[in-house]
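Right, one structure below, let's go through it.
The values are calculated or read from the model by the stated rules, or taken from the named source; none is laboratory data. Only a predicted model underlies this, so the values are computations on that prediction, with no experimental measurement involved. For neighbour counting, all protein chains shown are included, and Cβ atoms are generated from backbone atoms with ideal geometry for every residue, glycine included. Ligands, DNA and RNA are stripped out before the accessible areas are found, and what is left, the full protein with its side chains, is counted by its heavy atoms. Shrake-Rupley method; radii C 1.70, N 1.55, O 1.52, S 1.80 Å.
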Amino acid sequence: MTRVSSQQWGTVPSLGGVDLWVLESPQVKVEVLTLGAIIKSVFSRGKNGQTEDVVLGFDDLEGYLSDKRYLGALVGRVANRIARGRFVLDGKEYQLETNNGPNAIHGGVKGFNKALWLATEVQDGVQLSLNSPDGDQGYPGEVQVCVTYTLQGETLTAEYRARSNRTTPINITNHSYFNLAGQAAADVYDHQVSICAESFLPVDETSIPTGETRAVQGSPFDLRDPVLIGARLKELPGPGFDHNFCLSFPSDPWMERHAARVCHPPSGRVLEVSTSQPGVQFYTANFLDGSVPGKGGAKYRKHGAFCLETQNWPDAVNQASFPDCLLRPGEEYHHVTRYTFTTV
């Protein structure tokens, strides 16, 4: 049985009150904010019974309002990158604001992560809804979007739905940063990761997929068997992982698949992720630099966490061979991701 409660947590002058929702089962406690549909905290037990908050974030509202790293946030309309912030739909070119070098990322400067969502209690959780108007951050169409977070035992489920009155690209995910050792841990080098993907997407110097789908076999991207993150990062060119791993392909049926497993042997904590999305972006917090204090004054540094962003493939709106990312009138966008927190 899951206990669901809420309380006011702060106020954004231009938007209104922000509520904190708490979902608590016998095994796990999850805190969710109506600002950005943010997963503020996940409290999970280790093998010794000790509970730790395994999600990076902030102690106050101001931290989230000024955050530029999307800690815990729901990101959209389009998560990840769109090359040069441009795409063409029905013969019309759209130019978005570029907020990641030459590219657009995570929906724009004021994407879904900075919006105030309307919350409604549901069985074992909370549903958060948002109306994204036509032209929001440069995207066409008025979009009605909702995410339902439910907690059942050890499993947190995020179910995403959206409809639009005009054809528009859409790709929604949650951008939680996890460290299974807790807030005081400096890095995730002692975590073991495995990802159920036979291939990944190589990227150019601005992290846009080149269009190639490359087999992981014989490369540092082969994470099909568990590997220590720290050891594998030493084999990887560049600052770390920030790549899409291909879970399914355009011809594959819609279905939920096991995506990834991360284990922290010292504490015994395990996170398993399954999803209906065709990809997962494995990101090792390469751009955290310790400059912004997190919970309890923690310094979140490079490689201080990992993200498993279940999503469509990046830049799919510009790459015809990638899974379709367009939501058309009369259709429903619908995806499910589950996070299961256990111990070994």
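Please state which one of Glu198, Glu97, Glu159 is more than 29 Å from Gly16 (Cβ to Cβ), open to solvent by 30 Å² or more (accessible area, probe 1.4 Å) and of a type outside the set (Lys, Arg).
Every option except Glu198 fails the conditions.
Sort through Val227, Val203, Val188 and tell me the only one that's closer than 20 Å to Trp313 by Cβ and touching a residue at least 12 places away in the same chain (Cβ under 8 Å).
Val203
Out of segment 51-94, which residues are among the hydroxyl-bearing types (Ser, Thr, Tyr) and buried (at least 16 other Cβ atoms within 10 Å of the Cβ)?
The answer is Tyr64, Tyr70, Tyr94.
Among the strands (runs of 3 or more DSSP E) confined wholly to segment 244-344, which include 1 or more residues that are open to solvent by 10 Å² or more (accessible area, probe 1.4 Å) and either touching a residue at least 24 places away in the same chain (Cβ under 8 Å) or in contact with a helix residue (DSSP H, G or I) (Cβ under 6 Å, 6 or more places away or on another chain) (or both)?
Output list reads 257-264, 269-275, 279-283, 333-343.
Could you grab me the full set of residues in segment 94-120 that are farther than 17 Å from Leu65 by Cα and of a type in the set (Gly, Ala, Ser)? Steps first, answer last, please.
Let us first name the residues in segment 94-120 that are farther than 17 Å from Leu65 by Cα, namely 94-98, 100-105, 118-120.
If the condition is that a residue be farther than 17 Å from Leu65 by Cα and of a type in the set (Gly, Ala, Ser), then Gly101, Ala104, Ala119 are the ones that fit.
Quick one: what pairs do we get from segment 1-25, first residue in contact (Cβ under 8 Å) with a residue 60 or more places away in the chain and under 22 Å from Gln152 (Cα atoms), second of a type in the set (Asp, Glu) and surrounded by fewer than 14 Cβ atoms within 10 Å (Cβ to Cβ), C-beta under 6 Å, 6+ apart or different chains?
Val4/Glu121
Quick one: would you say Gly107 is buried (at least 22 other Cβ atoms within 10 Å of the Cβ) and either assigned to a loop (DSSP other than H, G, I, E, B) or out of contact with any Lys or Arg (no Cβ under 9 Å at 6 or more places or on another chain) (or both)?
Details: buried (at least 22 other Cβ atoms within 10 Å of the Cβ): yes; either assigned to a loop (DSSP other than H, G, I, E, B) or out of contact with any Lys or Arg (no Cβ under 9 Å at 6 or more places or on another chain) (or both): yes.
It is true that Gly107 is buried (at least 22 other Cβ atoms within 10 Å of the Cβ) and either assigned to a loop (DSSP other than H, G, I, E, B) or out of contact with any Lys or Arg (no Cβ under 9 Å at 6 or more places or on another chain) (or both).
Please state which of the following conditions Asp19 fails to meet, knowing it meets all the rest: (1) over 21 Å from Cys307 (Cβ atoms); (2) open to solvent by less than 20 Å² (accessible area, probe 1.4 Å); (3) of a type in the set (D, E, K, R).
Result: Asp19 passes all but (2).
This table checks each residue for (1) within 13 Å of Ala259 (Cα to Cα); (2) of a type in the set (Phe, Trp, Tyr); (3) modelled with pLDDT of 95 or more.
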site: Thr275; (1), (2), (3): yes, no, yes
site: Pro278; (1), (2), (3): yes, no, yes
site: Tyr283; (1), (2), (3): no, yes, yes
site: Leu288; (1), (2), (3): no, no, yes
site: Lys295; (1), (2), (3): no, no, yes
site: Phe306; (1), (2), (3): no, yes, yes
site: Asp324; (1), (2), (3): no, no, yes
site: Pro329; (1), (2), (3): no, no, yes
site: Tyr333; (1), (2), (3): no, yes, yes
